[in-house]
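Notes follow once the structure below has been shown.
The values are calculated or read from the model by the stated rules, or taken from the named source; none is laboratory data. This structure is a prediction, so every number in the text was calculated from the model and none was measured. For neighbour counting, all protein chains shown are included, and Cβ atoms are generated from backbone atoms with ideal geometry for every residue, glycine included.
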Amino acid sequence: MVSRSALTVTAGVIWYAGAISVSMRGSFLLAQATALHSRSFPWHWAVFGIGVSIGILKAWLVFSKSAQRNLRRIQSLERPAWWNLYPLWFYPLLALMIATGILMSRFATGDYERLCVVIPAYFMIGVGLAIGGSPYLSAAKRYRSDKREKREET
């Protein structure tokens with residue numbers, strides 16, 4: 001058995017690690033598109049902006065609510081365990097998302113038009129996860145202050 005606060009912090013760390021990983025991969029693809037650019041209009045920057053914009057919207061509408069639901073679920077667990085970080089259905093979905101990301105990257109590598117199609121997807125997800133994970137940050141701060149208060153009481 002593990003504490004709920006440890007599960008909460010670990011879930012947040014994993015959430016942000018995913019956001020950083022996806023955003024870094026998107027940045028590598030954006031750099032590759034910049035190197036391949038040979039047209040008059042830099043479409044790769046336009047699609048980057050679209051991806052970031054949709055990512056902000058997605059963070060507000062989907063990811064922050066998902067993070068809040070997960071935090072409520074973790075707090076309601078009677079016997080928390082490490083495999084309870086996320087709902088069980090999430091793990092196969094995560095494996096599918098990772099495989100899809102790998103295939104998209106391989107599909108787009110070296111082709112400017114394909115990169116312009118794939119880049120917004122990476123930034124839409126990466127930015128959405130990064131901003132939408134704010135409930136994890138506030139929960140981690142709350143648990144740190146709870147621990148500090150318990151230490152001060154003793």
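State the number of residues belonging to segment 1-58 that are of a type in the set (Phe, Trp, Tyr), crowded, with 19+ Cβ neighbours inside 10 Å and within 15 Å of residue 118 (Cβ to Cβ). First the steps, then the outcome.
Within segment 1-58, the subset of a type in the set (Phe, Trp, Tyr) is 15-16, 28, 41, 43, 45, 48.
With crowded, with 19+ Cβ neighbours inside 10 Å added as a condition, the list becomes 15, 48.
Next, from what is left, pick out any that are within 15 Å of residue 118 (Cβ to Cβ): 48.
Adding up the residues that qualify gives 1.
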Where a residue in segment 50-61 is touching a residue at least 12 places away in the same chain (Cβ under 8 Å) and its partner, wherever it lies, is in a helix (DSSP H, G or I) and among the aromatic types (Phe, Trp, Tyr), with Cβ under 6 Å and at least six apart: 51/123; 52/123; 55/123
Applying the selection to segment 59-84, what residues are aliphatic (A, V, I, L, M) and crowded, with 18+ Cβ neighbours inside 10 Å? 59, 67, 71, 74
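Kindly provide the set of residues from segment 118-146 that are of a type in the set (A, V, I, L, M, F, W, C) and at pLDDT 85 or above, ordered by number.
Passing the criteria: 118, 119, 121, 123, 124, 125, 127, 129, 130, 131.
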